[in-house]
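Asker: Take a look at this one; I'll ask things after.
The values are calculated or read from the model by the stated rules, or taken from the named source; none is laboratory data. Every value quoted in this text rests on a predicted model; they were computed, and no experiment measured them. Virtual Cβ from ideal backbone geometry, glycine too; neighbours counted across all protein chains shown.
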Amino acid sequence: MKDLFNIDFLELGIQADKIRHQKWGRKTFFVKNIHLNYTNICVSKCSFCAFAKDVGDTGAYIFEIDEMLKYIAEKGAEAREIHVVGGLHPDKPFSFYTESLSALKSAYPEKVIKAFSAVEIEYFAGISGLSASEVLQALQKSGLEMMPGGGAEIFDPEVRNIICPEKIPAEKWLEIHEMAHGLGIKTNATMLYGHIENSEQKMKHLETIRELQEKTSGFLAFIPLAFHPENTFLNEIYPSTGVEDLRTIAVSRIVLDNIPHIKAYWVMLGEKTAQIALRFGADDLDGTIIKENISHAAGATSSEGLTVENLVDFVSSAGLIAVERDAFYNEIKTYG
């Protein structure tokens, strides 16, 4: 496939918007969700991460299970989806994670648990002595219903060796997602852009995701993630421009026409750019989010959470129809 990143910007938008409308018409999706970033203590030292702390650092934290339950009770009573990701904690056993999911699912059986990136799954395998497949099965029995797409970053090994040398290689990320799909666990996929990658590396990343989707049909959504350099070791990099953000959304929609949904992740894009992205191929705004910590640690200036009214207004003012969904994209309510 040719490098679409060099095609005329507006022509890209037109192509992507056409595909978006062929799939979903004017429908634009969102979910009532809450992010549970259960710890920022992490043994990995990724140069692009401003979230991670060492044990004993100022601001380092971990939620014990009772604190997780309290947090959801206080912040996420209306959430349909609990999005659980965190750092790779040096001391917690694997049982901590299975027991956490079991407690969350027992307390909130109506909420879908979308938990743990492929990086976390591989780490759990290392600390437990289990295979990644066995880890996934144990988590599934404990309440895991979906997986997020984090940890993909850019698949190119040269880039990974610079920005996240301690993170699992691309092949392992792909293997774990394929395992999850084989177990009936739907997942998302991501790409982190706007750092040291080039357009050829982004195209290859997208094509690799497309190839796995052809094989498994297990991805529900793809989320391009704009890199935020503040408070990272790459803080000399200028953040992605609005044009780069929209171009990446559009190319993602065109290449990944076999993945149902493309998210305009407003946390990283900012609310206004995310709204415009709805006419550049994106059909999903993620959700209310309350409350995300990882991107904001790196300087994201978006809100820490949005109301349903905010999201509906974004969609309707773009000439589209807001649809509240559940975690699996079953439609709950249409606005307008």
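Asker: Just one of ASP257, ASP245 is part of a helix (DSSP H, G or I) and more than 15 Å from the chain's Cα centre (by Cα); which is it?
Answerer: None of the other options fit; the residue is ASP245.
Asker: Further question on the same structure: Within region 189-196, is even one residue surrounded by fewer than 22 Cβ atoms within 10 Å (Cβ to Cβ) and farther than 20 Å from GLU244 by Cα?
Answerer: no
Asker: Every residue in region 59-91 that is part of a helix (DSSP H, G or I) and either of a type outside the set (Phe, Trp, Tyr) or crowded, with 22+ Cβ neighbours inside 10 Å (or both), please.
Answerer: ILE65, ASP66, GLU67, MET68, LEU69, LYS70, ILE72, ALA73, GLU74, LYS75
Asker: Looking for something modelled with pLDDT under 90, farther than 25 Å from LYS186 by Cβ and of a type in the set (D, E, K, R) - is there at least one such residue anywhere in region 306-326?
Answerer: No, the conditions are met nowhere in region 306-326.
Asker: Here is a list: GLY281, GLY270, GLY299. Which entry is within 23 Å of LEU192 (Cα to Cα), small (Gly, Ala, Ser) and modelled with pLDDT of 95 or more?
Answerer: GLY281
Asker: Ok, one more. For region 154-177, what are the residues that are out of contact with any Phe, Trp or Tyr (no Cβ under 9 Å at 6 or more places or on another chain), under 20 Å from SER252 (Cβ atoms) and not in a loop (DSSP other than H, G, I, E, B)?
Answerer: Passing the criteria: VAL159, ARG160.
Asker: Would a scan of region 15-32 turn up a residue that is more than 29 Å from THR208 (Cβ to Cβ) and in contact with a His (Cβ under 6 Å, 6 or more places away or on another chain)?
Answerer: Taking every residue of region 15-32 in turn, none turns out to be more than 29 Å from THR208 (Cβ to Cβ) and in contact with a His (Cβ under 6 Å, 6 or more places away or on another chain).
Asker: Would you confirm, using the coordinates I've provided, whether SER117 is surrounded by fewer than 21 Cβ atoms within 10 Å (Cβ to Cβ), at pLDDT 95 or above and of a type outside the set (Asp, Glu)?
Answerer: no
Asker: Just to be sure before I move on: is THR187 touching a residue at least 12 places away in the same chain (Cβ under 8 Å), among the hydroxyl-bearing types (Ser, Thr, Tyr) and in a helix (DSSP H, G or I) in the structure I sent?
Answerer: no
Residues checked against (1) out of contact with any Lys or Arg (no Cβ under 9 Å at 6 or more places or on another chain); (2) surrounded by fewer than 21 Cβ atoms within 10 Å (Cβ to Cβ); (3) assigned to a helix (DSSP H, G or I):
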position: GLU200; (1), (2), (3): yes, yes, yes
position: LYS204; (1), (2), (3): yes, yes, yes
position: GLU207; (1), (2), (3): yes, yes, yes
position: PRO224; (1), (2), (3): no, no, no
position: ALA250; (1), (2), (3): yes, no, yes
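Asker: Just give me the residues in region 116-153 being within 17 Å of the chain's Cα centre (by Cα), part of a helix (DSSP H, G or I) and of a type in the set (A, V, I, L, M, F, W, C), in sequence order.
Answerer: Answer for region 116-153, where residues must be within 17 Å of the chain's Cα centre (by Cα), part of a helix (DSSP H, G or I) and of a type in the set (A, V, I, L, M, F, W, C): ALA118, VAL119, ILE121.
Asker: Kindly indicate whether any position in region 22-32 is over 22 Å from ALA282 (Cα atoms), surrounded by 13 or more Cβ atoms within 10 Å (Cβ to Cβ) and charged (D, E, K, R).
Answerer: The answer is no, given that none of the residues of region 22-32 is over 22 Å from ALA282 (Cα atoms), surrounded by 13 or more Cβ atoms within 10 Å (Cβ to Cβ) and charged (D, E, K, R).
Asker: Output the number of residues of region 175-184 satisfying the condition of being buried (at least 19 other Cβ atoms within 10 Å of the Cβ) and either out of contact with any strand residue (DSSP E or B) (no Cβ under 6 Å at 6 or more places or on another chain) or free of Cβ contacts under 8 Å to residues at least 12 places away in the same chain (or both).
Answerer: Looking only at that region, the number is 3.
Asker: If SER102 meets every condition in (1) in a helix (DSSP H, G or I); (2) in contact (Cβ under 8 Å) with a residue 60 or more places away in the chain apart from one, which number is that one?
Answerer: Looking at each condition in turn, SER102 falls short on (2).
Asker: Could you say which residue among LEU88, LEU69 is at pLDDT 95 or above and of a type in the set (A, V, I, L, M)?
Answerer: From the options LEU88, LEU69, the qualifying one is LEU69.
Asker: Sticking with this structure for a sec: Against the condition modelled with pLDDT under 95, of a type outside the set (S, T, N, Q) and within 18 Å of ILE223 (Cα to Cα), how does ASP286 come out, does it pass?
Answerer: yes
Asker: Still on this structure, I have one more. From ASP245, ASP284, which residue is more than 29 Å from GLU145 (Cα to Cα) and either buried (at least 24 other Cβ atoms within 10 Å of the Cβ) or of a type in the set (A, V, I, L, M) (or both)?
Answerer: ASP245
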